[in-house]
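Read the structure below first, then the notes.
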């Protein structure tokens with residue numbers, strides 16, 4: 001099997017339920033927020049998998065579980081065949097050299113009291129990769145250059161830089177340990193559109209140059225279409241559709257994916273004027289008390305009585321195209 005074809009990461013029946021408690025002295029459990037509620041997917045070595053869905057659907061929580069910033073309630077997260085969910089602290093520290101993250105907000109993810117050079121050099125120092133200060137500084141200048149920044153920016157503080165420049169610093173920091181896998185959590189959503197394009201192109205160039213694998217969490221479908229080879233669509237803590245990017249955008253099968261893509265405006269005014277768009281009816285249910293059966297059935301235009309009883313499995317209806325809907329054949 002080729003290196004590109006092997007799954008680098010496999011997520012199996014992952015659940016992340018946050019407890020809701022009341023009382024000050026004697027705290028008692030009164031409910032759970034089912035942020036991620038039993039999802040399965042794999043990321044192949046060398047590819048970019050997009051994870052999309054509206055705000056609150058569990059995308060970021062999924063990324064945080066993979067990074068072990070949250071300890072999952074149950075399920076497996078297999079990285080190169082080893083379950084991250086069961087790792088102890090010492091094993092996790094070694095793994096963190098291989099898995100890195102680019103956070104959403106370039107304004108809060110960088111320490112305002114540290115110079116850019118120190119921010120990028122910190123992981124190199126913490127992991128004991130290079131003890132020589134001069135060599136660390138040379139590595140920082142190299143990383144800044146790779147990410148399209150002037151090496152002299154190493155002496156600046158984050159507040160002296162624009163949003164796009166800060167996000168490039170965040171990318172340089174993620175690359176400092178030569179990782180294999182990077183979780184991009186809404187990595188371009190806080191940036192202007194013109195800067196978004198530059199950062200997306202940079203991420204794609206870095207993937208090809210260093211053989212990186214990305215989990216790209218986003219809600220901007222145009223960015224996902226440009227960057228991702230495969231796309232998984234989440235709704236209320238569950239994956240409802242998973243397919244190759246071109247297949248999903250060209251032939252969406254799940255009613256929620258169809259509604260999500262129909263909501264994207266068309267840049268041609270004459271086409272937009274004659275386009276019929278029907279927004280999804282109703283509100284997103286609460287993850288504290290999700291509906292039984294298919295979570296989308298209260299808002300689904302093709303729902304039948306059976307959708308309220310049984311939770312549909314994510315099944316392959318076409319080669320490489322998986323849908324969690326009993327009415328799609």
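Couple of notes before you dig in:
- Hits in region 11-43 - residues which are part of a strand (DSSP E or B) and without any contact (Cβ under 8 Å) to a residue 12 or more places away in the chain: 21, 22, 28, 29, 30
- Single residue of 261, 248 found to be within 24 Å of residue 322 (Cα to Cα) and in contact with a strand residue (DSSP E or B) (Cβ under 8 Å, 6 or more places away or on another chain): 248
- A single member of 275, 318 is touching a strand residue (DSSP E or B) at 6+ places or on another chain (Cβ under 9 Å), loosely packed, with under 14 Cβ neighbours inside 10 Å and more than 21 Å from residue 13 (Cα to Cα), and it is 318.
- Boolean, residue 169 is part of a helix (DSSP H, G or I), at pLDDT 90 or above and either crowded, with 24+ Cβ neighbours inside 10 Å or touching a helix residue (DSSP H, G or I) at 6+ places or on another chain (Cβ under 6 Å) (or both): yes
- Single match in 141, 207 (criterion: touching a helix residue (DSSP H, G or I) at 6+ places or on another chain (Cβ under 6 Å), part of a helix (DSSP H, G or I) and surrounded by fewer than 21 Cβ atoms within 10 Å (Cβ to Cβ)): 141
- Residue within region 100-111 that is assigned to a helix (DSSP H, G or I) and either more than 19 Å from residue 212 (Cβ to Cβ) or assigned by TED's automatic domain parsing to the domain that holds residue 171 (or both) present: no
- Single residue of 259, 263 found to be over 15 Å from the mean Cα position of the chain (by Cα), outside the structural domain of residue 127 (by TED's automatic domain parsing), surrounded by fewer than 19 Cβ atoms within 10 Å (Cβ to Cβ) and closer than 17 Å to residue 55 by Cβ: 263
- Restricting 117, 148 to those that are buried (at least 21 other Cβ atoms within 10 Å of the Cβ), touching a residue at least 24 places away in the same chain (Cβ under 8 Å) and in contact with a helix residue (DSSP H, G or I) (Cβ under 7 Å, 6 or more places away or on another chain) reduces the list to 117.
- A residue that is exposed (fewer than 13 other Cβ atoms within 10 Å of the Cβ), free of Cβ contacts under 8 Å to residues at least 24 places away in the same chain and more than 30 Å from residue 20 (Cβ to Cβ) can be found somewhere in region 235-247.
The values are calculated or read from the model by the stated rules, or taken from the named source; none is laboratory data. Please read all numbers here as calculations on a predicted model, not as lab measurements. Neighbour counts run over all protein chains shown; Cβ positions are idealised from the backbone, glycine included.
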